[in-house]
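This report refers to the structure that appears directly beneath it.
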Amino acid sequence: MRLLLVRHGETVDNVAGVYAGVTDSALTCHGYLQAERLGAHLSKKGFRIVEIFCSDLKRAYLTAEAIRQFQDPQPLPPTKLELIREQNFGSFEGKKSIRQDPNVVGREDIVSEVESKKSLESRANAFINDHLLKLFYQTADEHTVAVISHGIFLKYLWKSLLCRFPSACVSLVQKSGAPRAPSIKNLGLWFNTAYMELDIKQRPISLAATPQNSVPCEFTSNNPHNHETSSGKQSSIPVTIDSKLVQGPTGLKLNLYILEINFCEHLRGLKKSRGGTSNLPYNPAQKNIFKFFNQRKSAGLG
């Protein structure tokens, strides 16, 4: 099966530069166009999405719905889960960055209000255990499962997922022109509507087949300096194995192939309109201007 880890479209709080973890921040008009671009791209590329999970916050749900509307046939409505919400920033929700505030830096009592890494890891592992593991063995190779969530949480979800696979079962598939992340485990910025594409395949334990042009990813827990080199050769990446490995039916194991990281080619050429209207909150009740003109053309009115 294919697994897509997708960040939601641009929000009004992204534009304002304020913390919006559990705050139910609205997509901007531009953010919804990003989501529609993604939906059209996935459909054109032949992704057959059979199940969608999304955060229960509307920025993730509306992004998920934009993806679903381009699928034919359409899957069931997205499964909304509080479990895969963004990190909770506590009293910093709705406020500007605290990193340079001299009244905050070093104040452990204040920083402790923010949801901990342990809590994020716990939520990520719970989602994997309760929702993803069974799909790895039940979903056909040609089908896709999509998870639409948030920038910080997705990084924890990815690291928790990666830790489930033995190093010999993980491969980075080289794609022409695809940018490389500095580290497979510790990803950088996750752009709005960018996605990670993973291919999870069942293999008999006796087979160690990998697709052409793939590079096995090796992991170690005692060398923090191992990473992909500037020459492009794959070296070891530190990973702490803190959860059980993926286990399936007797005689089967899972291989994980990393196909795309932070992929956002669907946004190429998409620019914000002048006058600031792109930054306004998206209203689902408003007709998309492109749909309006397409309907007029179909009716012979333009």
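The values are calculated or read from the model by the stated rules, or taken from the named source; none is laboratory data. All values reported here derive from a predicted model rather than from experimental measurement. In this analysis, Cβ positions are derived from the backbone assuming ideal geometry, glycine residues included, and neighbour counts consider all displayed protein chains.
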### Residue pairs meeting the criteria (Cβ under 9 Å; at least 6 apart or on separate chains; first farther than 18 Å from residue 262 by Cβ and in contact (Cβ under 8 Å) with a residue 12 or more places away in the chain, in region 3-24; second surrounded by 22 or more Cβ atoms within 10 Å (Cβ to Cβ) and among the acidic types (Asp, Glu))
20/86; 21/86; 22/86; 23/86
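I need the helices (runs of 4 or more DSSP H) fully contained in region 36-154, keeping only those with at least 1 residues that are among the acidic types (Asp, Glu) and either modelled with pLDDT under 95 or touching a Pro at 6+ places or on another chain (Cβ under 9 Å) (or both). Break it down stepwise before answering.
Working: elements: 58-68, 108-111, 117-127, 133-138.
Counting at least 1 such residues, we get 58-68, 108-111.
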### Query
Taking region 157-168 as the region of interest, how many residues are surrounded by 21 or more Cβ atoms within 10 Å (Cβ to Cβ) and part of a helix (DSSP H, G or I)?
4
### Message
Take the residues in region 56-94 that are closer than 24 Å to residue 119 by Cα and loosely packed, with under 14 Cβ neighbours inside 10 Å; name whichever of them is nearest to the chain's Cα centre (by Cα).
### Response
82
### Query
For region 1-8, does any single residue satisfy the condition of being out of contact with any Lys or Arg (no Cβ under 8 Å at 6 or more places or on another chain), modelled with pLDDT of 95 or more and of a type in the set (Lys, Arg)?
yes
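For region 21-55, what are the residues that are closer than 17 Å to residue 140 by Cα and either touching a Cys at 6+ places or on another chain (Cβ under 6 Å) or crowded, with 24+ Cβ neighbours inside 10 Å (or both)?
Restricting attention to region 21-55, the residues satisfying the condition of being closer than 17 Å to residue 140 by Cα are 46-52.
If the condition is that a residue be closer than 17 Å to residue 140 by Cα and either touching a Cys at 6+ places or on another chain (Cβ under 6 Å) or crowded, with 24+ Cβ neighbours inside 10 Å (or both), then 52 is the only one that fits.
Quick check: anything in region 62-74 closer than 16 Å to residue 149 by Cβ and either basic (Lys, Arg) or touching a Phe, Trp or Tyr at 6+ places or on another chain (Cβ under 6 Å) (or both)? Write out each step before concluding.
The first filter runs over region 62-74 and keeps only residues closer than 16 Å to residue 149 by Cβ, leaving 62-68.
Among the residues that remain, those that are also either basic (Lys, Arg) or touching a Phe, Trp or Tyr at 6+ places or on another chain (Cβ under 6 Å) (or both) are: 68.
Yes, the conditions are met somewhere in region 62-74.
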